[in-house]
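Before any comments, here is the structure.
Any read-out appearing in this document is the output of simple, stated calculations on the displayed coordinates, not a laboratory observation. Nothing here was measured: the structure is a model prediction, and the numbers come from that model. Reconstructed Cβ throughout: ideal geometry from the backbone, glycine too, with neighbour counts over all protein chains shown.
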Amino acid sequence: MNELTLVIMAAGIGSRYGGLKQVDPIGPNGEIIIDYSLYDARRAGIERVVFIIRHDLEQIFKEKIGRRAENYFKVSYVYQELNMALPEGFRVPADRTKPWGTGQAILLCQPVISGNFLVINADDFYGFEAIKKLADYMRQVKEQPDYYHYAMVGYRLGNTLSEHGHVARGICQISEDGYLLDLRERTKVQKFPDGIKYTEDGQTWYPLSPDDIASMNIFGLTPSIFPELKTRFHQFLSDPNTNLSKSEFYIPEVIGVLSREKKARVKVLTTEERWFGVTYQQDRPWVQQGIRKLIEEGKYPEKLWENT
């Protein structure tokens, strides 16, 4: 029951990237980004992994990732589809084409998770220190009925952006003692010659600082999150301001709301690790160079899985 689980969100379509980026090799021996996350999780003492995927990705995902992971972890699969975890009586709009976002993805994990767990994206490289710090912290967290204790790893915004277009980032406000005060999902954050800016409507741009702390969807959570997600997913779908054709239900937004409502205390863990992410096809060489440098520094072996 106290076993820590790593949840990897891998149901993304990768439409901006132009392919299934979760299984695109970036390491010197064909390793993909998930391989490095799994390697770091194993070093951090994690033994259970849950992959969130789509049914149409199942075959290629298990072939490229799942079967290898089963050599090192207890592996479960959760399938994220449009019609899952919806409130009774709600129907998917005819023009909706993709799942409802990371909040729905985590909600679907409830049947396979009984204890504290970590959440990461499949296509982000977080670094060993980040995963180890979060795992160590969440092993000490005990569930409380009326007050939740979560954690996240924060990265400096200026170190997380693509040179090739906009990205989504959760922008954090943090207290002096290192706890989250607020977290707002900004869906279009972009580098410009005169600084970093974000827009909500595609027309008006607002400035951000490169030193702002960004959430990269690396969270430590307890099972208390599941009833909150269920309630707030219903609210999200019922809100007349929600664009049911395109809007997404984001896990950082829910954590931000719980923080603002003083229902959750979220510890923000800092790390000096480098973050790498593949949002666009043009990002791939940059990630490959970053991985190569870490190998040269001795932080990762040339070949991660020697016996596979």
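Measuring nothing but how far apart in sequence close Cα pairs (under 8 Å, 6+ apart) lie, relative to its length, the chain scores a relative contact order of 25 percent. Taking label positions 7 Å along the Cα-Cβ direction at both residue 184 and residue 305, the computed distance is 4.2 nm, reported to one decimal. In terms of other Cβ atoms within 10 Å, 84, 9 run from fewest to most in the order 84, 9. Need the C-alpha centroid separation for region 239-294 versus region 164-213, integer Å. When both Cα centres are located, 11 Å separates them. So if R0 is 35 Å, what FRET efficiency would residue 88 and residue 139 give, r being the distance between their Cβ atoms, rounded to the nearest 0.05? Plugging the Cβ-Cβ distance into 1/(1 + (r/R0)^6) gives 0.45. Taking every DSSP bridge with both residues inside the chain, close to 55 percent are antiparallel. Fully extending the segment from residue 76 to residue 159, taken as 0.36 nm per residue of separation minus the present Cα-Cα distance, adds 26.6 nm.
As a proxy for reagent exposure, ranking 100, 305 by other Cβ atoms within 10 Å from fewest up yields 305, 100. Relative to the current alpha-carbon distance between residue 257 and residue 177, full extension at 0.36 nm per residue lengthens the span by 26.9 nm.
Note: relative contact order over region 130-232, using C-alpha pairs below 8 Å and six or more positions apart, is 32 percent. Annotation note: GluC sites (Glu not before Pro) in region 214-298 located in DSSP loop regions with a Cβ neighbour count of at most 11 within 10 Å are 261, 272, 297. With contributions of -39500 (n - 2.57) from each DSSP H run of at least four residues, the per-residue ellipticity at 222 nm computed over the chain stands at -6500 deg cm²/dmol.
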